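The values are calculated or read from the model by the stated rules, or taken from the named source; none is laboratory data. As the structure is a prediction and not an experimental result, all values here were calculated from the model. Every residue, glycine as well, gets a Cβ built from its backbone with ideal geometry; the counts of neighbours run over all protein chains shown.
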């Protein structure tokens, strides 16, 4: 299927590895121009080197949790690519913890990382999309927004908030040709997951498919949501978890 993404300009955050990099690679494979954003210049350079010859890939070192700097980051990406048509909003998760173990002052950094960063990116990037009559926002959140995960109270709280923001935004901007959706990943084979668990076979046993996900497969789902074929998909939060989430909605 031709996703009609050739020449589209994609800004992908959290893109030096894992799901963000998988999304960037998939968009690039469809002909999009991509700008990778992460905190480490060295890791960004290594990530950019994984793209095939001929791909147009830019890098920007930035910390999306610094919401005061997000507008400048988006402006830098617009300058590199001539604009931003696609925003893949992605960031790492906050520390684990329960209600009893998590102090009040831990909530603001978590909200900045997993809620306010996406709000700030949309604030900076979406108006130009609306003026051009075409745009795509895909946020990578978590299944914890759908089914809270034990010992992840900060993530559960922030991801639920950003899901509500995205749903509200989607209803306001769709008339201008901009769709807004989110993907809720379950367990995927990323450096972070392997670093935490090592052997992932036991994790796979808890997933109905009997496997854990691959970052590049996840990226292809994001690329489809950015395509013209998905222009009627708007305001949805899609679990990508091999069927692990048990809720009906």
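Residues in the stretch 29-47 that are surrounded by fewer than 17 Cβ atoms within 10 Å (Cβ to Cβ) and assigned to a helix (DSSP H, G or I): how many?
Summing the residues that are surrounded by fewer than 17 Cβ atoms within 10 Å (Cβ to Cβ) and assigned to a helix (DSSP H, G or I) in the stretch 29-47 gives 4.
Could you figure out which of (1) closer than 24 Å to residue 118 by Cβ; (2) free of Cβ contacts under 8 Å to residues at least 12 places away in the same chain; (3) in contact with a helix residue (DSSP H, G or I) (Cβ under 9 Å, 6 or more places away or on another chain) isn't true of residue 232?
(3)
Name every residue in the stretch 33-47 that is touching a helix residue (DSSP H, G or I) at 6+ places or on another chain (Cβ under 8 Å) and farther than 10 Å from residue 61 by Cα, in order of residue number. Step through it out loud before you land on a result.
Applying the first criterion (touching a helix residue (DSSP H, G or I) at 6+ places or on another chain (Cβ under 8 Å)) to the stretch 33-47 yields 33-38, 47.
Of everything in the stretch 33-47, those that are touching a helix residue (DSSP H, G or I) at 6+ places or on another chain (Cβ under 8 Å) and farther than 10 Å from residue 61 by Cα turn out to be 33, 34, 35, 47.
Would you call residue 92 surrounded by fewer than 19 Cβ atoms within 10 Å (Cβ to Cβ), in contact with a strand residue (DSSP E or B) (Cβ under 7 Å, 6 or more places away or on another chain) and part of a loop (DSSP other than H, G, I, E, B)? It would help to see each step written out before you state the result.
Numbers: surrounded by fewer than 19 Cβ atoms within 10 Å (Cβ to Cβ): yes; in contact with a strand residue (DSSP E or B) (Cβ under 7 Å, 6 or more places away or on another chain): no; part of a loop (DSSP other than H, G, I, E, B): yes.
No: the conditions fail for residue 92.
Scan 217, 105 and give me the residue that is at pLDDT below 95 and part of a helix (DSSP H, G or I). Give the derivation first.
On the way: 105 fails: at pLDDT below 95.
Just a single option satisfies the conditions, and that option is 217.
So which of 135, 97 is surrounded by fewer than 18 Cβ atoms within 10 Å (Cβ to Cβ) and touching a strand residue (DSSP E or B) at 6+ places or on another chain (Cβ under 8 Å)? Give the derivation first.
Values: 135 fails: surrounded by fewer than 18 Cβ atoms within 10 Å (Cβ to Cβ).
Testing whether each residue is surrounded by fewer than 18 Cβ atoms within 10 Å (Cβ to Cβ) and touching a strand residue (DSSP E or B) at 6+ places or on another chain (Cβ under 8 Å) leaves just 97.
For the stretch 203-229, which residues satisfy the criterion of being touching a strand residue (DSSP E or B) at 6+ places or on another chain (Cβ under 7 Å) and within 23 Å of residue 10 (Cβ to Cβ)?
Of the stretch 203-229, the ones touching a strand residue (DSSP E or B) at 6+ places or on another chain (Cβ under 7 Å) are 212-215, 218, 221-222, 225-226.
Those that are touching a strand residue (DSSP E or B) at 6+ places or on another chain (Cβ under 7 Å) and within 23 Å of residue 10 (Cβ to Cβ): 213, 214, 215, 218, 221, 222, 225, 226.
Looking only at the stretch 139-156, filter to residues that are touching a helix residue (DSSP H, G or I) at 6+ places or on another chain (Cβ under 6 Å) and touching a residue at least 60 places away in the same chain (Cβ under 8 Å); which one of those is farthest from residue 219 (Cα to Cα)? Reasoning before the result, please.
Taking the stretch 139-156 and keeping what is touching a helix residue (DSSP H, G or I) at 6+ places or on another chain (Cβ under 6 Å), we get 139-142, 144-145, 148, 152, 154-156.
Retained after the next criterion (residues that are touching a residue at least 60 places away in the same chain (Cβ under 8 Å)): 140-141, 145, 154-155.
On the way: 140: 10, 141: 14, 145: 20, 154: 25, 155: 22 Å.
The residue in question is 154.
Within the stretch 83-90, identify whether any single residue is over 23 Å from residue 183 (Cβ atoms) and modelled with pLDDT of 95 or more, and answer yes or no. Full working, then the answer.
Initially, the stretch 83-90 is screened for residues over 23 Å from residue 183 (Cβ atoms), giving 83.
From the residues that got through so far, the ones that are modelled with pLDDT of 95 or more too are 83.
Looking for residues that are over 23 Å from residue 183 (Cβ atoms) and modelled with pLDDT of 95 or more, one finds at least one in the stretch 83-90, hence yes.
Here is a check on your reading of the model: is residue 67 touching a strand residue (DSSP E or B) at 6+ places or on another chain (Cβ under 7 Å), buried (at least 17 other Cβ atoms within 10 Å of the Cβ) and on the phi < 0 side of the Ramachandran plot? Steps first, answer last, please.
Values: touching a strand residue (DSSP E or B) at 6+ places or on another chain (Cβ under 7 Å): no; buried (at least 17 other Cβ atoms within 10 Å of the Cβ): yes; on the phi < 0 side of the Ramachandran plot: yes.
When the stated conditions are applied, residue 67 does not pass them.
Among 171, 159, 136, which is the only one that is more than 20 Å from residue 3 (Cβ to Cβ), in contact (Cβ under 8 Å) with a residue 40 or more places away in the chain and either touching a helix residue (DSSP H, G or I) at 6+ places or on another chain (Cβ under 9 Å) or not in a helix (DSSP H, G or I) (or both)?
That would be 159, the only listed residue that is more than 20 Å from residue 3 (Cβ to Cβ), in contact (Cβ under 8 Å) with a residue 40 or more places away in the chain and either touching a helix residue (DSSP H, G or I) at 6+ places or on another chain (Cβ under 9 Å) or not in a helix (DSSP H, G or I) (or both).
Restricting to the stretch 15-28, and then to whatever is part of a loop (DSSP other than H, G, I, E, B) and farther than 19 Å from residue 212 by Cα, can you tell me which residue is nearest to the chain's Cα centre (by Cα)?
Taking the candidates together, the pick is 15.
Residues checked against (1) at pLDDT 95 or above; (2) farther than 29 Å from residue 102 by Cβ; (3) surrounded by 22 or more Cβ atoms within 10 Å (Cβ to Cβ):
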residue: 127; (1), (2), (3): yes, yes, no
residue: 152; (1), (2), (3): no, no, no
residue: 158; (1), (2), (3): yes, no, yes
residue: 164; (1), (2), (3): yes, no, no
residue: 171; (1), (2), (3): yes, yes, no
residue: 174; (1), (2), (3): yes, yes, no
residue: 193; (1), (2), (3): no, no, no
residue: 203; (1), (2), (3): no, no, no
